[in-house]
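Data first, discussion second: the structure below is written as structure tokens.
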Amino acid sequence: MTWSDKALASAAGMAQVRHRMRRVARGGRPRPGTHPAVALIAERRKQHKALRRYRAWLPSRGTVQACRRAGASESTEAPNAAPFTDRGCGGRHRPRS
């Protein structure tokens, strides 16, 4: 690939490899003739669609509001509880010790 933007060329090359891997995973042939730009655009569309599905699914879990609140406790029973338990937040929003 001889693109002037090396970051974009790298992303397109990686998208091309993932495109081939997806084809092999479905039982097809790798088909190495796929153009890198086509693979990159197709991957961006797949990622966008997956993100929309994920965002639509999140409210059904009931943890979005708990993850968004900064410093608020998830539990109302324990007034001194540490904010943001593991449930639904993946532990990323815990206060530092």
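All of the numbers you see were taken from the coordinates with simple rules; none came from a lab. Keep in mind it's a predicted model, so treat the numbers as computed, not measured. We place every Cβ from the backbone using ideal geometry, glycine too, and count neighbours over all the protein chains shown.
Quick notes on this one:
- Subset tally (residues that are of a type in the set (D, E, K, R) and either assigned to a loop (DSSP other than H, G, I, E, B) or surrounded by fewer than 13 Cβ atoms within 10 Å (Cβ to Cβ) (or both)) for segment 17-33: 3
- If only residues of segment 34-58 that are assigned to a helix (DSSP H, G or I) and among the β-branched types (Val, Ile, Thr) are counted, the one that is farthest from the chain's Cα centre (by Cα) is Val38.
- Residues that are of a type in the set (Lys, Arg) and under 18 Å from the mean Cα position of the chain (by Cα) were ranked within segment 11-32; the one that is farthest from Met1 (Cα to Cα) is Arg22.
- Residues in segment 1-16 that are closer than 15 Å to Gly33 by Cβ and not in a helix (DSSP H, G or I): Met1 alone.
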